[in-house]
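Nothing in this text is a laboratory measurement; each read-out follows from the coordinates by a stated rule. Bear in mind that the values here come from a model prediction, so they are computed numbers and not experimental data. For neighbour counting, all protein chains shown are included, and Cβ atoms are generated from backbone atoms with ideal geometry for every residue, glycine included.
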């Protein structure tokens, strides 16, 4: 059975003090959210320990924003899976478009990160999606299928979340029409061998459009950027009806 997962990606925002303030405000606002909704906060590395300590007995799950494929080594600035699990991380974002665009991430390195995450018991959130140029050229589906085919080599689909994030809709205020997002996610689902993989939508998700997005039959959750930084906004998303 597919799980509903509402995840927030803080990107490079919030100090430890700001994270603590957010949790104090946010936690009480989601007390009445249905229990079958998994709530995840993917926070910067420096916030992980602070947030983890604040989540004991809480329904919120802790997520990281990246993981290296090696267990240890001379990889300055990188973080291994065991470093994440040690502080209570359960989920990790892999292959976000910003990692691909700004930091040279490839389908090959995404694949290695996915396998390393799963080997340590982490649940990776694999991000896939097309640029505006690729969509306008009519190759969006081809790009996404290639990302899946190359990224999922040797990866278990039993412990996996996929997030469809049309790159042109991330942080732009431009949201992919919910019916179109549902169609593309249906294409993604058709490539998988496990029908129970949770597939999220990401891209300018807000309290005002979450109900329409979640009403789509193929969409199992959302990966939220900007709106996850404000406690009331993110609570409004988690509490959608």
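Place a label point 7 angstrom from the Cα of residue 52 along the Cα-to-Cβ direction, then list the residues of the stretch 84-102 whose backbone nitrogen is under 12 Å away. Backbone N within reach: 84-91. Taking packing as the residue-averaged number of other Cβ atoms within 10 angstrom, the listed peptides 131-140, 63-72 run from highest to lowest as 63-72, 131-140. Computed over the alpha-carbon pairs of the chain, the distance histogram in 5 Å steps reads 1, 7, 15, 20, 21, 18, 12, 6, 1, 0 percent, short to long.
Considering Cα pairs under 8 angstrom that are at least six residues apart, work out the relative contact order of the chain and quote it in whole percent.
Across the chain, relative contact order equals 22 percent.
Expressed in nm to one decimal, what extension gain is obtained for the pair residue 102 and residue 74 from 0.36 nm per residue of sequence separation less their Cα-Cα distance?
Details: separation 28, 0.36 × 28 = 10.08 nm, distance 2.13 nm.
Fully extending the segment from residue 102 to residue 74 adds 8.0 nm.
Gain in length, residue 158 to residue 180, computed as 0.36 nm per residue apart minus the alpha-carbon separation, to one decimal in nm?
On the way: separation 22, 0.36 × 22 = 7.92 nm, distance 2.63 nm.
Net length gain for the segment: 5.3 nm.
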